[in-house]
Amino acid sequence: MIEVKNISKSFGEKQVMKNISLVAEQGKTTLVIGGSGHGKTVLMKSIVGLEEVDIGAVFYDGRNFSEMKHKQRKAVRQEMGMLFQGAALFDSLNVEENVAFPLSMFSEMSEEEKLERVNFCLKRVNLENMNTLYPSEISGGMKKRVGIARAIAMNPKYLFCDEPNSGLDPLTAVVIDDLIKEITREFNITTIVNTHDMNSVMNIGDKVIFIYKGQKWWEGSSKGILHTDNKEVSEFVGTAKILKELKK
Amino acid sequence: MIRYFSGIFMHIGRYYTLMTQVFSKPEKKPIFRKRIFEEIDKLGVSSLPIVIIISFFMGAVITIQAAFGFESPWLPLYAVGVATRDSVILEFAPTLVSLILAGKVGSSIASEIGTMRVSEQIDALEIMGVNSATHLILPKIIATVFINPFLIILSMFTGILGGLLLGILTGVVTPYEYLYGIQYDFKLYNVTYALIKTVAFAFIISTVASYHGYFTKGGALEVGRSSTTAVVYSSLLILLFNFILTQLLLA
Ligand SMILES: Nc1ncnc2c1ncn2[C@@H]1O[C@H](COP(=O)(O)OP(=O)(O)O)[C@@H](O)[C@H]1O
Ligand SMILES: [Mg+2]
């Protein structure tokens, strides 16, 4: 379980996060939604400690991450996996080496054990026989899947996905969403996903948090979001709905 | 003006903080060793051709210029050899070649690390618990500090060889006088001095370029800008430290 308690953050004069609190439960996917530029990425990076918060604290299963020293943080980091918006695969390593990287860095596995684990993770994201390809040689959807494989290589307790299906075609987007949902249940992970895609909200959100201008504006279920009378939320949902209708 | 200076202090402070992060214990020895060899290959071995070509012609030009400048009956003919040797060893090989390397190696370091920053690969390292500064930058520093002295020694040889071959070819020197001049009153300390400079310059190139890459913000455009500023700043610092070290070591 991840608990975020009253965190705020400014860049210079500009406050991009105001007093946000949330709880993400184990085995469930917590969705953070909102328009572009409203602070989803900053929120996620603050939760994982890639950005320092000005006020507030983040607790990982009761452990105060914000107060930890570098060494303790590193231990918690090894329980985290993260899928970045652009996948952030290491350009100089091939698919297999990318997934093996955290294992080589932090486990005492032998080469065979590593390869076995890598192939298990790649199989889990339906990528087989691509071990020797480089990131520049595979499609966006495949990169995201490799990114997921790398994120789950160390058996994380916490999984973070920043816009997992941005830049993907709708079919691939659904595949990625399903993967995240299944993996979260299967391995009982605490998962937080950033998205601005309503399809994802309907598909994977156990809990939905709507961020508006750096604030938590609304919280509820993926069903509830269709019936709320909160103006900004229904606008967000509505525009997505209209687009969907137009596509039909 | 005040803004300009506070900018400089901000850079110095941030550079210093980065260096304290860089010089910490690497995660896994074997991986780290592999990283160093990768960097030696990428930053050192790949620079061999440009160093050889530049040094060869540089030596040739110095010899020809010296020969024309010394057309005085009072100077012995071997003076051309002495002049070429001293210019190449003292200044042209360590400083000029380091400036060229600041352009080649510096821009490649800054754009590689900058790209990793803007594509969130550095964040990906950090989230795994890897100290990205140590993992990415320390091997580059070690590689350049180790390999640049070899490049500069090679530059000295090819420079002097260029002077010899093209000097003979253009008829401005004879092999005997030139080679006599090269050996005349040779001071090994000059080579030591040049190598000390080289090591300092290698440190400047790798750290300044890494610094600019590491703190890149934005996208592809900013990566290009970082790599340009990295080259400008490391070149200026090389010239500054060239002056300081020369004062300290020769004066
Ligand atoms: N490093 C930074 N420095 C200054 N402003 C930033 C930085 N990172 C993000 N911001 C600002 O914070 C706001 C929220 O950004 P972000 O979290 O990326 O939005 P989202 O992910 O919801 O699209 C934006 O206005 C952005 O310009
Ligand atoms: Mg974002």
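Quick notes
- 0 to 90° range, to nearest 10: angle between helix B:48-69 axis and chain B longest Cα axis: 40
- Protein accessible area in chain A, 1.4 Å probe - carbon and sulfur %: 51
- Nearby lysines by direct alpha-carbon distance to A:Lys223 (threshold 17 angstrom, same-chain neighbours under 8 apart not counted): A:Lys28, A:Lys181, A:Lys207, A:Lys231, A:Lys241
- Hull volume per residue, based on the alpha-carbon atoms of the protein assembly as shown and their convex hull, is 197 Å³.
- Area accessible to solvent at B:Tyr211, 1.4 Å probe radius, in Å²: 10
- Per residue, the convex hull spanned by the alpha carbons of the stretch A:89-155 comes to 73 Å³.
- Seen against the Cα atoms of chain B and their longest principal axis, helix B:132-170 is set at about 20 degrees.
- P(r) tail for the stretch A:1-160: Cα pairs beyond 22 Å make up 48% of the total.
- Chains B and A together, accessible area buried on both sides, 1.4 angstrom probe, square angstrom: 1800
- The Cα-based radius of gyration of the stretch B:115-166, divided by its Kirkwood radius, gives an Rg/Rh of 1.37.
- Reachable lysines, given that their alpha-carbon falls under 23 Å from the alpha-carbon of A:Lys9 and they are not under 8 places away in the same chain: A:Lys18, A:Lys40, A:Lys45, A:Lys69, A:Lys74, A:Lys213, A:Lys216, B:Lys217
- Shown here for the stretch A:49-152: GluC sites (Glu not before Pro) in loop regions (DSSP other than H, G, I, E, B) with at most 13 other Cβ atoms within 10 Å, namely A:Glu52, A:Glu108, A:Glu128.
- Chain-alone versus full-assembly comparison, the stretch A:100-143, residues with accessible loss of at least 50 Å² (1.4 Å probe): A:Phe101, A:Met105, A:Phe106
- Whole-number D in µm²/s for chain B (Stokes-Einstein; Kirkwood sum over Cα pairs; 25 °C, 0.890 mPa s): 125
- Highest-MSF residue in chain B out of B:Leu161, B:Leu240, B:Leu99 [GNM, Cα springs under 10 Å]: B:Leu240
- Under 15 Å from the Cα of A:Lys144 - aspartates and glutamates, other chains or at least 8 residues apart: A:Asp91, A:Glu96, A:Glu128, A:Asp162, A:Glu163, A:Asp169, A:Asp177, A:Asp178, B:Glu120
- Taking the Cα centre of the stretch B:34-243 as origin and assigning +1 to Lys and Arg Cβ atoms and -1 to Asp and Glu Cβ atoms, the resulting dipole is close to 180 debye.
The values are calculated or read from the model by the stated rules, or taken from the named source; none is laboratory data. Not measured: the values here are computed from a predicted model. Using ideal geometry, Cβ is built from the backbone for each residue, glycine included, and neighbour counts are taken over all protein chains shown. Protein only, heavy atoms only, side chains kept; ligands, DNA and RNA dropped before computing areas. Shrake-Rupley method; radii C 1.70, N 1.55, O 1.52, S 1.80 Å.
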